[in-house]
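Asker: The following block contains the structure, expressed as structure tokens.
The values are calculated or read from the model by the stated rules, or taken from the named source; none is laboratory data. As the structure is a computational prediction, the values presented were derived from the model and not from experiment. Glycine also receives a Cβ, built like all others from the backbone with ideal geometry; neighbour counts cover every protein chain displayed. All accessible areas refer to the heavy atoms of the entire protein, side chains included, with ligands and DNA or RNA removed. Shrake-Rupley method; radii C 1.70, N 1.55, O 1.52, S 1.80 Å.
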Amino acid sequence: METRKIEILVGVFVAATIVALVFLALRVASNTDITRGSSYTLSASFDNIGGLKVRSPVKIGGVTVGRVTNIYLEGDYYEPVVEMQISTTYDQIPETSTVSVLTSGLLGEQYLGIEPGFIDEGIMMLENGDRFMNSNSAMVLEELIGQFLFSQGDN
Amino acid sequence: MYDQKGCTVDNLVELKDVYFNRGNTVIYEGVNLQVPRGKITAIMGPSGCGKTTMLRLIGGQLKPRSGSVDFAGHQVPELSRGELYELRKRMSMLFQSGALFTDMSVSDNVAFPILEHTKLPREIVDTIVKMKLQAVGLRGAGGLQPDELSGGMARRAALARAIALDPELIMYDEPFTGQDPISMGMIVKLIRSLNQTLGLTSIIVSHDIHETMGIADHVAIIANKQVVAQGPPQALLDHESALVRQFLNGEPDGPVPFHYQANNYLDDLMARGG
Amino acid sequence: MDVIANLGRSSLNILRGMGAALIMLLQSIIGKPQPRKSFPLFMRQMYVVGVQSMLIILISGLFIGMVLGLQGYTILVDFGAEQALGPMVALSLLRELGPVVTALLFAGRAGSALTAEIGLMRATEQLSSLEMMAVDPLRRVVSPRFWAGFISMPMLALLFTAVGILGGYFVGVQWLGVDDGAFWSVMQASVDWRDDVMNGVIKSLVFAFVVTWIALYKGYTAEPTSEGISAATTSTVVTGSLAVLGFDFVLTAIMFS
């Protein structure tokens with residue numbers, strides 16, 4: 001009787017916790033982490049990566065297909081290189097594709113956008129460890145303003 | 001240790017030359033005590049002389065600084081934790097407050113040590129519990145919670161729990177304190193009858209002289225950090241030591257002075273006046 | 001010289017206290033498990049420590065979530081960014097308020113009760129009595145309470161967080177009119193399962209360990225008098241709360257910087 005009541009109430013406690021955990025997992029957190037399944041690694045070098053960070057998303061046409069896993073400088077000229085993991089669901093990215101550092105909204109976070117290139121005979125698909133040949137660096141506000149002023153001066 | 005006829009009797013508990021400190025306070029300086037098997041031994045002394053400490057030394061809850069505490073051939077202070085716990089199954093202690101577990105009924109309290117240390121089936125345990133409660137006159141109170149009992153009943157219930165495992169030694173810590181005359185009478189009767197019927201050895205720590213002297217076979221008096229006298233109650237009543245006589249007769253002044261140590265009264269008053 | 005001697009003495013005392021507390025904890029949780037005997041005791045403590053704290057946790061969580069919704073909205077709407085209400089409510093609850101406020105409430109509700117209960121058991125000689133019955137009070141009394149506290153506090157923190165997010169949802173979406181879909185989707189986009197949810201759970205495991213340990217040690221070493229027990233209870237709440245806030249800073253620095 002007494003023991004039974006205690007057991008039932010502890011059971012309710014545990015059940016409520018499980019409900020809370022499921023709620024947090026399904027409703028609150030992004031558990032659809034694209035790189036959780038099997039993935040492959042690509043890299044790209046830029047002049048400037050702006051505010052890109054490790055774990056920033058990699059998107060094709062706005063759909064997240066992977067995440068940034070590593071950022072480092074390479075070579076004598078300290079060229080920034082970004083490594084990313086892409087889900088193997090999207091393993092048909094041609095080598096002619098372009099990768100750019102983009103910003104979501106005016107003040108939003110930065111992410112990598114892949115623009116798939118043309119497919120032709122002799123064009124290979126990117127495989128694990130490959131590097132993008134075309135990349136667009138991040139827009140830096142000061143440089144944009146400088147370019148604008150410069151072009152005004154020409155006129 | 002000799003009884004009246006002059007032949008040796010064996011001692012269940014024996015303390016030899018025990019020194020004990022609590023912090024920087026010396027409690028015992030060379031205490032010797034014998035507790036004869038199957039008898040009721042009373043340990044008496046003024047408040048604060050460390051009577052309860054003696055029980056805790058025997059039970060192994062405290063360790064002496066030096067000296068030997070012997071229980072049935074085992075050196076209590078030298079035992080490992082496991083051996084000590086094994087030995088404690090043969091003794092039990094009735095605490096001043098009863099120390100019943102407040103979250104269990106009286107029956108469950110009595111059943112607790114049996115369930116804890118034996119693998120008896122529940123029905124047999126229940127029967128033993130009824131027998132133990134009957135022995136202290138509380139069979140009808142088994143379903144009550146400890147907070148529903150009067151002080152005297154709580155102590156009797158605790159006594160039932162103390163004898164649940166049929167120990168060889170029971171230590172009573174101030175069993176008469178704060179009891180009305182009726183429950184005091186009941187407890188005196190219980191201690192005596194348990195001692196006779198179960199062949200227990202009992203140690204009573206108390207400063208209630210009349211009740212204790214009435215039932216004890218052997219009395220030890222502690223004062224000034226030592227056992228100042230031990231022997232049969234009659235022999236102690238006309239002991240040569242003035243301290244023992246003062247204590248047993250309850251005289252307000254004597255070797256234990258009425259006044260706490262102070263300088264000359266007249267000087268003290270005059271100093272204030274001046 | 002006296003100042004230095006005092007400093008030395010109090011440091012030694014603190015170290016001795018911590019050592020004694022560590023020994024108490026080890027003695028109570030290490031040893032041969034006896035599931036048949038300890039499971040009912042553990043269940044009982046889960047009830048006392050966990051279930052009985054549920055109500056205060058749920059109500060506080062709801063109100064704190066609602067306040068976050070209200071405050072967040074009034075700040076964000078000035079920037080036209082009320083869509084960010086979801087992540088603001090969720091992240092502050094998951095990372096900070098859930099674990100910390102739960103631990104503080106737990107120290108006040110369950111911790112003080114544990115200290116008082118064990119202190120009272122010592123004062124009424126129940127612990128001594130267990131020892132004399134050859135039953136180890138650390139295994140019998142301290143151990144089930146430790147496990148119950150250690151397990152139930154993270155559970156309570158999860159409940160607190162979930163209810164708090166719902167509270168923020170009610171205020172933000174149902175009352176103030178933030179878009180329903182945006183509230184959840186923006187939240188999902190910025191809350192990460194491992195970084196945010198799991199780190200919150202780890203925080204609350206650490207807090208649970210510390211608070212329960214302090215509560216039990218304070219009770220076990222309380223002076224066996226009424227003043228002693230009340231001092232120990234106060235000390236549990238004060239020490240427990242300070243320890244939670246201190247550990248929170250350290251953990252936040254490690255996890256989110």
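Asker: How far apart, in nm, are two points set 7 Å out from the Cα along the Cα-to-Cβ line at A:Asn70 and at A:Met125?
Answerer: 2.4 nm
Asker: Could you state the accessible area per residue of chain C in Å², with a 1.4 Å probe and every protein chain left in place?
Answerer: 45 Å²
Asker: Here's another thing I want to ask about it. Can you list the lysines whose alpha carbon sits under 18 Å from that of B:Lys189, skipping same-chain ones fewer than 8 residues off?
Answerer: B:Lys39, B:Lys132
Asker: Given a 1.4 angstrom probe, I'd like the percentage of the accessible area of the protein assembly as shown that is carbon and sulfur, rounded to a whole number.
Answerer: 59 percent
Asker: Grab the eigenvalues of the alpha-carbon gyration tensor for chain C, scale each by 5, take roots, and send me the semi-axes largest first in whole angstrom.
Answerer: Equivalent ellipsoid semi-axes, largest first: 40, 21, 16 Å.
Asker: Within segment A:107-126, find all residues whose amide N lies under 17 Å from a label point positioned 7 Å from the Cα of A:Thr98 along Cα-to-beta-carbon.
Answerer: Counting only backbone N, you get A:111-119.
Asker: Dipole size in debye (nearest 20) for the protein assembly as shown around its Cα centre, Lys and Arg Cβ +1, Asp and Glu Cβ -1?
Answerer: 3220 debye
Asker: Rg/Rh for segment C:1-105: what does it come to with C-alpha atoms and Rh from Kirkwood?
Answerer: Radius of gyration over Kirkwood radius for segment C:1-105 works out to 1.23.
Asker: Please give the solvent-accessible surface of B:Ser150 in Å², to the nearest 10, using a probe radius of 1.4 Å with every protein chain present.
Answerer: The accessible area of B:Ser150 comes to roughly 60 Å².
Asker: Now for a separate question. Given a 1.4 Å probe and heavy atoms of the protein chains only, how would you sort C:Glu82, A:Glu115, B:Glu116, largest accessible area at the top?
Answerer: So, going from the largest accessible area down, we get A:Glu115, C:Glu82, B:Glu116.
Asker: Residues of segment A:13-29 that become at least 50 Å² less accessible with every protein chain present than in their own chain isolated, using 1.4 Å: which are they?
Answerer: Those residues are A:Phe13, A:Thr17, A:Leu21, A:Phe23, A:Leu24, A:Arg27, A:Val28, A:Ala29.
Asker: Excluding residues on the same chain fewer than 8 positions from B:Lys225, give the lysines whose Cα lies under 17 Å from its Cα.
Answerer: In chain and number order, the partners are B:Lys16, B:Lys51, B:Lys63.
Asker: If R₀ is 25 angstrom, what is the calculated FRET efficiency for the pair C:Ala189 and A:Asp91, using the beta carbon separation as r and rounding to 0.05?
Answerer: The pair C:Ala189/A:Asp91 has a calculated efficiency of 0.50.
Asker: Provide the buried accessible surface between chains A and C in square angstrom, both chains summed, 1.4 Å probe, rounded to the nearest 100.
Answerer: In total, this chain pair buries about 2400 Å².
Asker: Accessible area, 1.4 Å probe, largest first: how do B:His218, B:His207 sort?
Answerer: These residues rank, largest area first, as B:His207, B:His218.
Asker: Once the Cβ-Cβ distance between A:Asn48 and A:Gln152 is put in as r, and R0 is 25 Å, what FRET efficiency do you end up with, to the nearest 0.05?
Answerer: Computed FRET efficiency for A:Asn48 and A:Gln152: 0.60.
Asker: Only four residue types carry charge here, +1 at the Cβ of Lys and Arg and -1 at the Cβ of Asp and Glu. Report the dipole size of segment C:99-173 about the Cα centre in Debye, rounded to the nearest 20.
Answerer: It works out to roughly 120 debye.
Asker: Something else now. With every protein chain kept in the model, how would you rank C:Trp147, C:Trp213 by accessible area, 1.4 Å probe, largest at the top?
Answerer: Correct descending sequence by accessible area is C:Trp147, C:Trp213.
Asker: So, in nm, how far is label B:Thr177 from label A:Ile18 when the simple model puts each one 7 Å beyond its Cα toward the Cβ?
Answerer: Here the answer is 5.2 nm between the modelled labels.
Asker: As a test question: what accessible area, to the nearest 10 Å², does B:Lys39 have when a 1.4 Å probe is rolled over all protein chains in place?
Answerer: 70 Å²
Asker: Let me ask something additional. How large is the charge dipole for segment B:94-198, taken about the Cα centre, if only the Cβ atoms of Lys, Arg (+1) and Asp, Glu (-1) carry charge, to the nearest 20 debye?
Answerer: So the magnitude is around 360 debye.
Asker: Taking θ as phi - 60°, what are the ³J(HN,Hα) couplings along segment A:71-78 by the Karplus curve (6.51, -1.76, 1.60), each to the nearest whole Hz, with x for Gly and Pro?
Answerer: So the Karplus estimates, Gly and Pro as x, are 9, 8, 9, 10, x, 5, 9, 6 Hz.
Asker: Further question on the same structure: Taking only protein heavy atoms into account and a 1.4 Å probe, give the accessible area per residue of chain A in Å².
Answerer: Per residue, chain A has an accessible area of 62 Å².
Asker: Which of B:Gly185, B:Tyr172, B:Gln145 sits farthest toward the positive end of the charge dipole of segment B:136-198, with +1 on the Cβ of Lys and Arg and -1 on the Cβ of Asp and Glu?
Answerer: Of the options given, the answer is B:Gly185.
Asker: Report for the protein assembly as shown the percent antiparallel among DSSP-assigned beta bridges with both residues inside it, nearest 5.
Answerer: Percent antiparallel among DSSP bridges in the protein assembly as shown is about 65.
Asker: Compare the Cα positions of C:Leu114, C:Val244, C:Val201 along the charge dipole of chain C (+1 at Cβ of Lys, Arg; -1 at Cβ of Asp, Glu; about the Cα centre) and return the one farthest towards the positive end.
Answerer: Value: C:Leu114.
Asker: Under a point spin-label approximation (7 Å from Cα along Cα-to-Cβ), what is the A:Thr3-C:Leu15 distance to one decimal in nm?
Answerer: Result: 4.8 nm between the two label points.
Asker: Same structure, new question: Rounded, prolate or oblate: pick one for segment B:42-127, where a ≥ b ≥ c are the square roots of the eigenvalues of its C-alpha gyration tensor, a/c under 1.5 means rounded, and failing that, prolate if a/b is larger than b/c, else oblate.
Answerer: Cα axes put segment B:42-127 in the oblate bin.
Asker: Taking every pair of distinct Cα atoms and averaging 1/r, then inverting, what Kirkwood hydrodynamic radius in Å comes out for the protein assembly as shown?
Answerer: Its Kirkwood hydrodynamic radius stands at 31.5 Å.
Asker: Considering only protein heavy atoms, what is the solvent-accessible area of A:Glu127 at a probe of 1.4 Å, reported in Å² to the nearest 10?
Answerer: Roll a 1.4 Å probe over it and A:Glu127 shows about 120 Å².
Asker: Please list, in order along segment C:16-23, the HN-Hα scalar couplings obtained from phi with the Karplus expression 6.51 cos²θ - 1.76 cosθ + 1.60 (θ = phi - 60°), rounded to whole Hz, x for Gly and Pro.
Answerer: Couplings: 4, x, 5, x, 4, 5, 5, 4 Hz.
Asker: Taking 51 Å as R0, compute the FRET efficiency from the Cβ-Cβ separation of B:Ser47 and C:Ile59 and round it to 0.05.
Answerer: 0.50
Asker: Summed for both chains, how many Å² of accessible area, to the nearest 100, are buried between C and B with a 1.4 Å probe?
Answerer: In total, chains C and B hide about 1900 Å² from solvent.
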